[in-house]
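One structure is given below, encoded as structure tokens.
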Amino acid sequence: MREKLITFTVPCYNSEAYMSRCIDSLLSAGDRAEILIINDGSTDRTGEIAAQYEAQYPDICRVLTQENGGHGAGINHGLKEARGLYFKVVDSDDWLDKEALTRTMDLLEHLEPEGGVDLLVTNYVYDNTDPSLTHAIRYTNIFPQGKVLRWSDTKRFRPWQYLCMHASTHRTQVLKNCGIDLPEHIFYEDNLFAYLPLKNVRRLAYLDADLYHYLIGREGQSVAEEILKKHCEHQILVTTRMFQSCDPAELKAEEPQLAKYLYHALVFFTLLATAFTRLNDTREADKIVRNMWADLKKINRPLANRLRYRSLAFFINFPGKAGRRFAILCYRLSHKFVAFN
């Protein structure tokens, strides 16, 4: 069997209505790719549809069936079984642009004789059900294009920019080396998947191609405001694990640009965790936020204090009802600017 350049993992739970668009978009990569369709305890026709793809494309598609463990469990399963040199997660309601995918595959193949990269960054598109809100997130201001980069070649991230799962294609061995083991049955664990390997990333590349289409606006999505409010403690759990994973200051001497990005991401996600919790506009929500900061201080007090008092997080942690309302206002303004759901 030909060695696979990339493994696409597609976690599926009751995805019969939309999974075919996702898988069909991945098939354009041809036999350079393998597609792992993870049937996460579905109760609809997901397993049947997955089996049809496996039967029609036996050298490309494999079906992995598991008891329902959530999105994180699906990624864990896919990573364990991956045979490709590179690894990318594509959610079953999302899809990849076929032309951009060809360019991505060609670049990965071109770079491999030079030793390849630990991380390839590409653009992604918030593909909203309201077309007027559809927009792309690009990284042209940060990364030079078309060559192997070091962190020292990168420029400053804007406050709203971060490296998410949709923008990331990792070298499989890098993920395995850092011991990725995502929590089950929680939302927002994809942020852990994107963040945890970065301390082991030294060789990067960027392709200015709008590869990933992230569907926004479907009922019940984890980024819908009511879901954000209901599951705010999931974001706190994820943020705490990110905070716990490393101290950016320890990388400052060796990789100052990487240290800056890791700190930048922690600012961003503590902002999210605080804002999503305070959307509930209750005293109980304020207590949850205070407990989060207390836990972070127990893990690393200097870093927690820097985040809490010397970053943008300071402005949405003002106490009391007025502070909650200000935090909600900040969320509404940023949502209007970024339009991510």
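The values are calculated or read from the model by the stated rules, or taken from the named source; none is laboratory data. These numbers were taken from a predicted model, which means no experiment stands behind them. Here the Cβ is made from the backbone with ideal geometry for all residues, glycine too, and neighbour counts use every protein chain on show. Keep in mind that these areas ignore ligands, DNA and RNA; they rest on the heavy atoms of the full protein, side chains included. Shrake-Rupley method; radii C 1.70, N 1.55, O 1.52, S 1.80 Å.
Residues being at pLDDT 95 or above and either open to solvent by 20 Å² or more (accessible area, probe 1.4 Å) or assigned to a helix (DSSP H, G or I) (or both): count how many of those fall in segment 116-137. Summing the residues that are at pLDDT 95 or above and either open to solvent by 20 Å² or more (accessible area, probe 1.4 Å) or assigned to a helix (DSSP H, G or I) (or both) in segment 116-137 gives 1. There is at least one residue in segment 96-113 that is farther than 22 Å from residue 175 by Cα, open to solvent by less than 20 Å² (accessible area, probe 1.4 Å) and not basic (Lys, Arg). For segment 147-196, enumerate the residues that are of a type in the set (S, T, N, Q) and open to solvent by 40 Å² or more (accessible area, probe 1.4 Å). Passing the criteria: 152, 173, 177.
To keep it simple, each residue is scored yes or no on (1) at pLDDT 95 or above; (2) among the aromatic types (Phe, Trp, Tyr).
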site: 195; (1), (2): yes, yes
site: 198; (1), (2): yes, no
site: 224; (1), (2): no, no
site: 233; (1), (2): no, no
site: 251; (1), (2): yes, no
site: 258; (1), (2): yes, no
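In segment 213-221 there is no residue that is in contact (Cβ under 8 Å) with a residue 12 or more places away in the chain, of a type in the set (D, E, K, R), open to solvent by 20 Å² or more (accessible area, probe 1.4 Å) and under 26 Å from residue 248 (Cα atoms). Considering only residues in segment 243-297 that are among the acidic types (Asp, Glu) and not in a helix (DSSP H, G or I), the one that is surrounded by the fewest Cβ atoms within 10 Å (Cβ to Cβ) turns out to be 254. Of all residues in segment 5-26, none satisfies being free of Cβ contacts under 8 Å to residues at least 40 places away in the same chain, buried (at least 21 other Cβ atoms within 10 Å of the Cβ) and not in a helix (DSSP H, G or I). When residue 65 is tested against (1) surrounded by fewer than 20 Cβ atoms within 10 Å (Cβ to Cβ); (2) among the β-branched types (Val, Ile, Thr); (3) under 15 Å from residue 4 (Cα atoms), only condition (3) is not met.
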